Amino acid sequence: MIVTENKSGMICSNLSRDESGELCFAGMPLSPLAQKYGTPLYLYDEARIRERCRTYLGAVREAFGDRARVLYASKAASFRRLYEIMREEGMGIDVVSRGEIYTAVRAGFPLERAYFHSNNKTDEDIAYAMEHGVGYFVVDNEEELYAIDRLATARGIQQRVLLRLTPGIDPHTYAAVATGKVDSKFGSAIETGQADAITRLALSLSHVALKGFHCHVGSQVFDSDVYFRAAEVMLSFVAHMARTEGFLAEELDIGGGYGVRYVAEQPEIDIAENIREVGEFMTRRAEELGITLPVVAFEPGRSIVADAGLTVYTVGTVKRIPGYKTYVSVDGGMTDNPRFALYGSPYTILPVAADLPEETESCSVVGRCCESGDILQENVPLPPDMARGDLLACLTTGAYHYSMASNYNRIPRPPVVMLADGTSYLAVRRETPEDLVALDC
Ligand SMILES: *Cc1c(COP(=O)(O)O)cnc(C)c1O
């Protein structure tokens, strides 16, 4: 993977420290924000989100001309303001549920630019998406294809679809986010002949308009070879279908997955350069295979929003167990960030007030849930005098945090606050105890 050199000395370029040493995000010191909105607090740097969208859109335009799309994978973070930003930036979106579709509707997002995923769309999901004019369905399996044809027939429409295929590639990332292997709950495998079969079925159904194919090999991918291999398998399949069925795919969606930097040891991927290389590769291979290159879609989630986000916590109990370790508890935990518990994900956690001193203490930063696995990170170097009331910042929390947050232990979800041009505004307010009982009958 081609990587970007980072000159800021911080793991993300939108982080800095002011004269007093306080940590700033998007140019704003964190303690006044913590005071104004309370903690735990999700912050987003709006300019960074927009910059990432523009990087992708510019890169695909350069690599593929007008024959390309960028779809933001909503599951990374989904709330109304974010869809407004995606709309303003000219992005497409991928959605996986009625909830995401409804949120996009409420943001006035043009749903003809939406792609509907999921390995198990219910009839209600399918009807709902059709009713709202969702542009494309990314079809997982034959059963779904029959259901779409039946419901499209009832509505008297032709539904555009892509077929999700598994190219049989192992992206060497966390098992839970590796999705492109043959043995996967997602899609139809090329290797087993199921991809051929579902393509023939799609072509035979009168209310399904087959537009092309989709694959997504995994998430938090740092190996560029994965994308060349996926593109190769998918383009070969496109050529194979052109040859055997006379079907030329108009669109080829090669998924998302570019990795982001959670800790200093991870590189920052140069998205523009990597897409340029993928573009060159796909253009050349299409030529060699004798096919017109379909419109190519990328579906990034994490790499659009991850380092545009940061979480601020207040320290509570600090427990030193002589001969073992020191536990620093914060006022959030697996309810606002389940990723360490799920995947053992690495994170950078920094003191807000001042930079780390020479001498640090290695701490476990843990949450407030009744669960031993409620850990944000182990072996975090912190000032040896961390105490109740101090602030900590967990970096790179813009993707798969708010969207994965829960009310375990009836803990209210933190608010989402956007930072833009030196000011802050609420995108999602903090949940209240009243919200927690709102559904109880
Ligand atoms: C999760 C997912 C993405 C986005 O993955 P990132 O790693 O967040 O870029 C894209 N497409 C599909 C189908 C996904 O499931």
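The values are calculated or read from the model by the stated rules, or taken from the named source; none is laboratory data. Being a predicted model, the structure only gives us computed values, none of them experimental. No Cβ is skipped: glycine too gets one built from the backbone with ideal geometry, and neighbour counts run over all protein chains shown.
When each of Tyr102, Tyr128 is tested for being assigned to a helix (DSSP H, G or I), of a type in the set (Phe, Trp, Tyr) and either in the same structural domain as Phe237 (by TED's automatic domain parsing) or at positive phi (or both), the lone residue that passes is Tyr128. In this structure, Arg229 does not satisfy being within 19 Å of the chain's Cα centre (by Cα), charged (D, E, K, R) and under 30 Å from Ala399 (Cβ atoms). Answer yes or no: is there a residue in the range 261-271 that is of a type in the set (A, V, I, L, M), surrounded by fewer than 19 Cβ atoms within 10 Å (Cβ to Cβ), free of Cβ contacts under 8 Å to residues at least 40 places away in the same chain and more than 14 Å from the ligand (Cβ to nearest atom). Scanning the range 261-271, I find no residue that is of a type in the set (A, V, I, L, M), surrounded by fewer than 19 Cβ atoms within 10 Å (Cβ to Cβ), free of Cβ contacts under 8 Å to residues at least 40 places away in the same chain and more than 14 Å from the ligand (Cβ to nearest atom), so the answer is no.
For the range 272-281, the criterion of being within 13 Å of the ligand (Cβ to nearest atom), aromatic (Phe, Trp, Tyr) and farther than 18 Å from Gly193 by Cα is met by none of the residues. Out of Ala47, Ala76, one residue alone is in contact with a helix residue (DSSP H, G or I) (Cβ under 7 Å, 6 or more places away or on another chain) and at pLDDT 95 or above. It is Ala76.
Pick from the range 242-258 the residues that are among the aliphatic types (A, V, I, L, M) and buried (at least 22 other Cβ atoms within 10 Å of the Cβ): which of them is farthest from the ligand (Cβ to nearest atom)? Looking at residues that are among the aliphatic types (A, V, I, L, M) and buried (at least 22 other Cβ atoms within 10 Å of the Cβ), I get Ala249. Looking only at residues of the range 336-364 that are among the β-branched types (Val, Ile, Thr) and touching a residue at least 40 places away in the same chain (Cβ under 8 Å), we find that the one that is nearest to Lys325 (Cα to Cα) is Ile349. Under the condition of being without any contact (Cβ under 8 Å) to a residue 60 or more places away in the chain and of a type in the set (Gly, Ala, Ser), the residues counted in the range 272-286 number 1. Annotation: of all residues in the range 64-90 being part of a loop (DSSP other than H, G, I, E, B) and more than 13 Å from the ligand (Cβ to nearest atom), the one that is surrounded by the fewest Cβ atoms within 10 Å (Cβ to Cβ) is Asp66.
The one condition from (1) farther than 20 Å from Tyr115 by Cα; (2) in contact with a His (Cβ under 7 Å, 6 or more places away or on another chain) that Gly257 does not meet is (1). The one condition from (1) surrounded by fewer than 16 Cβ atoms within 10 Å (Cβ to Cβ); (2) under 23 Å from Arg302 (Cα atoms) that Pro32 does not meet is (2).
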